[in-house]
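Presented below is the structure to which this report refers.
The values are calculated or read from the model by the stated rules, or taken from the named source; none is laboratory data. Every value quoted in this text rests on a predicted model; they were computed, and no experiment measured them. In this analysis, Cβ positions are derived from the backbone assuming ideal geometry, glycine residues included, and neighbour counts consider all displayed protein chains. Ligands, DNA and RNA are stripped out before the accessible areas are found, and what is left, the full protein with its side chains, is counted by its heavy atoms. Shrake-Rupley method; radii C 1.70, N 1.55, O 1.52, S 1.80 Å.
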Amino acid sequence: LSMILHPALLLADEPTSALDATLQYQVIEQFGRMREISDVSMMIVSHNLSVLAKICDKTAIMYGGRILEYGNTLDVLLKPSHPYTQSLLKSVPKLNGPLSQGLSGLPPLSADNFGGCCFAERCPRAAARCRHESYKMKMVSPTHYASCIQPV
């Protein structure tokens, strides 16, 4: 029904949330078909990184209401530069692998209170200046950006 009026943009917020694996696959396949038969742009909001890998050309990783990493999906997911993106990828369960220990501390309540990086309080690589230096995206490669003072 969302496509009946041929929108220029389709926003899908957690389109595979609370679905079993079979239905998730069907939803992902349907998004692929929409890409082939229409010129609609799609914005997918998801916590499921494998969904992003399957259907998105570009990915933005957000934390505390700010974009911390952005670029071609495969660059972001296969060569993460921001410590938060790296921790997200480490948290994906692996068959016969150890469970992620998670991050220490608590997520921020609001991004409005930061003079520096909103992830600094939980970042294992944070330097003193991370808490105070202004928020800037830096080019990691021509198709990949991260907002980290010391991206990998």
Heavy atoms only, probe 1.4 angstrom, no DNA, RNA or ligands counted: give me ARG66, ARG33 ranked by accessible area, highest first. ARG33, ARG66
Among [x] 1.07; [y] 1.00; [z] 0.94, the entry that matches Rg/Rh (Cα atoms, Kirkwood Rh) as calculated here: [y]
Rounded to 10°, Cα long-axis angle of helix 21-37 versus longest principal axis of the chain: 70 degrees
Restricting the count to DSSP beta bridges whose residues both fall in the chain, what percent are antiparallel, rounded to a multiple of 5? 70 percent
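For the pair GLU14 and LYS138, what calculated FRET efficiency results from E = 1/(1 + (r/R0)^6), where r is the Cβ-Cβ distance and R0 = 30 Å, to the nearest 0.05? If you can, show how the numbers build up before the last one.
Details: r = 29 Å, r/R0 = 0.98.
So, using R0 = 30 Å, E works out to roughly 0.55.
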Would you mind putting 69-79, 83-93 in packing order, based on average other-beta-carbon counts within 10 Å, highest first? 69-79, 83-93
Restricting to bridges with both residues inside the stretch 1-87, how much of the DSSP beta-bridge set is antiparallel, in percent to the nearest 5? 55 percent
To the nearest 0.05, what FRET efficiency results for SER100 and ARG125 with a Förster distance of 25 Å applied to their C-beta separation? 0.90
Evaluated at q = 0.23, 0.25 Å⁻¹: base-10 log I(q)/I(0), Debye formula over Cα of the stretch 25-70: -0.86, -0.96
